[in-house]
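This report refers to the structure that appears directly beneath it.
The values are calculated or read from the model by the stated rules, or taken from the named source; none is laboratory data. As the structure is a prediction and not an experimental result, all values here were calculated from the model. Every residue, glycine as well, gets a Cβ built from its backbone with ideal geometry; the counts of neighbours run over all protein chains shown. Ligands, DNA and RNA are excluded from the accessible area calculation, which covers all protein heavy atoms including side chains. Shrake-Rupley method; radii C 1.70, N 1.55, O 1.52, S 1.80 Å.
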Amino acid sequence: AQYQCQQCNKLQDASREASVSSAPPRALAVQILRFRNGRSGRMKLKRFVEFSEHISFSGSQYVLVAVVEHEGEFGSGHYRAYVLESEGMWTERDDSKVTRLPFDVVKKKQAYLCFYVREDSIVAAVE
């Protein structure tokens, strides 16, 4: 990926890395940067970013349990949440409306936030 250098103000090849120095967290919130400063002010980035149902982080396995999407432009719009229910079915939460849908539909959304829970935390919560 390329990031803008704060010293020379040019795009440079770079990577981002995160590390955990203690026990892995029970939950992870992953924010996908969807806004940037443009010539005419802040603007929304609408490109698709793929996200996974399962990720590995710091030696632990995590399961996707919720996705938040923002529809609209910077400064206005609407948020929707997609939530994994206990029986394994996904639901769309749009204000007071709740609709069941498969993950195949959820994975095509323009995610803004993805929430993951450590797999062993889910097992403990069910038991």
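Assorted remarks:
- Packing around the peptides 65-72, 27-34, taken as the average count of other Cβ atoms within 10 Å per residue, puts them in this order, highest first: 65-72, 27-34.
- Listed values for the stretch 52-64 are Karplus-derived 3J(HN,Hα) couplings in whole Hz (6.51 cos²θ - 1.76 cosθ + 1.60, θ = phi - 60°), namely 10, 6, 9, 9, 10, 8, 6, x, 10, 9, 10, 10, 5, and x replaces Gly and Pro.
- Counting only lysines at least 8 places from Lys97 when in the same chain, those with an alpha carbon closer than 23 Å to its own are Lys107, Lys108, Lys109.
- Computed with a 1.4 Å probe over protein heavy atoms only, the accessible area of Leu84 comes to about 50 Å².
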